1. What value, in deg cm²/dmol to 500, does the helix sum -39500 (n - 2.57) over DSSP H runs of n ≥ 4 give at 222 nm once divided by the residues of the chain?
2. Which cross-chain or sequence-distant (5 or more) residues have an amide H under 5 Å from the amide H of Tyr236, H modelled 1.01 Å from N in plane?
3. Of Leu108, Leu165, Ala39, which is farthest towards the positive pole of the chain's charge dipole, taken about the Cα centre with +1 and -1 on the beta-carbons of Lys, Arg and Asp, Glu respectively?
4. With the alpha-carbon atoms as the only input, what is the per residue convex hull volume for the range 78-188 in Å³?
5. Just to be sure I follow the rule: in the range 149-248, considering lysines 8 or more places apart or on different chains, how many pairs have Cα atoms under 22 Å apart?
6. Only counting other Cβ atoms within 10 Å, I'd like Cys313, Cys340 sorted with the fewest neighbours first.
7. For the chain, give the share of DSSP beta bridges that are antiparallel, in percent and rounded to the nearest 5; count only bridges with both residues there.
8. Output ³J(HN,Hα) for the range 297-304: one whole-Hz value per residue in order, computed from phi by the Karplus curve 6.51 cos²θ - 1.76 cosθ + 1.60 with θ = phi - 60°, and x for Gly and Pro.
Amino acid sequence: MTTNKGGTQQSPRLTIELVPLRSWQRNVRAVVAQDTWDALRWYFGATEERPRYLNIAFPLPLPTLRFKCKYCGVEGQTLHLHEEWRYDDNNKVQQLVGLRPICSMCHLAKHMGCANEIGRTDEALAHLAKVNDWTSREAMAYIKRAFAVWHARATIEYTLDLSYLERYIPSTKIHLDWLDKPRTWVGTRLDAILWAKRLLDSDTIIVDTETTGLLDKADVEVIELAAINTKGKLIYHSLYKPIHKIPSMAMKIHGITNREVKSCPTFFEQAGSVTAALQGKIIVTYNAKFDREVLARTFKLNGLAGISARWECAMHTFRVFSGSGKYLPLGRKHRAVEDCKATLRLIRRMAKGIP
Ligand SMILES: [Zn+2]
């Protein structure tokens, strides 16, 4: 720690992160469950929101740096939990050495490769220069050196050392095997931004369903399905007359009545068109677990084989993006086309990094 003329302590230097390519997604967030991550975010001072159910009895006292960016010192905004790594190139070990609260601009400056990909290089560069009191030329020279190191490291396969984390949480909460079999999407806020950005450039479709109930109902059916592409163009939309009546509980949610679907085609009649629209696609929904399951059950109920597709969940990604441990509902509309559009707006916002 250096001191300036006034004698007050200066912030530590903001440097960019040299995460090798192969370490992509080899982060703490990828090996712990959401509730553990929420607990860590609170404990290490990235959020004042203490999880209502804290699943960890942290053995060490709270860190002194709380609710304040480690690098630029900004307070009073949502902070990210930043993972600090040390790379031992001789022994090929990637060691976790710290978890620190950091603001979104410092986070962006730390991940210059990501900033570049989402078109925010200039902003990140300006912030890097400002925090370190560098001229833009100095900042640029620094980045060039950093990227040279990064390229050299990109070819190395590192072993992960998470002993730092084991000082704070039980090793039973660290799931290294998750790195080999990714179940659900995991990552940091910047990963979420990249996810959204890549999605918008792909031929992904955004889907939403309205149903006769929730998953606790074995014979739940889809009664409305919409699919749009990432440009917002409607690919498919239909209401269906269900096999069983729509219960009033479900009607309260989406407002679709039995009278409204009386003369609609059945799902069975539309199954060919649904399959044509969804089969083999990358499908994004807001709460993919639900839509995927309810669609599978509807196919089954009609004696049909379901579709195979890659499902991605915008709600899950949005939770990572916003650093919230809560279930985040998507607006109030609850009609399939409107919900698809709302999901697309959300993905566009995430791609731009807008909170
Ligand atoms: Zn900062």
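1. -11000 deg cm²/dmol
2. Answer set, sorted by chain and number: Ala227.
3. Leu108
4. Given the Cα convex hull of the range 78-188, per-residue volume reads 147 Å³.
5. Summing the qualifying lysine pairs gives 5.
6. Listed from fewest to most nearby Cβ atoms, that is Cys313, Cys340.
7. 70
8. 5, 5, 4, 4, 4, 8, x, 10
The numbers here are math on the coordinates, done by the rules we state, and not lab data. Everything quoted here is computed from the prediction, not taken from an experiment. Glycine gets a Cβ as well: all are built from the backbone with ideal geometry, and neighbour counts include every protein chain shown.
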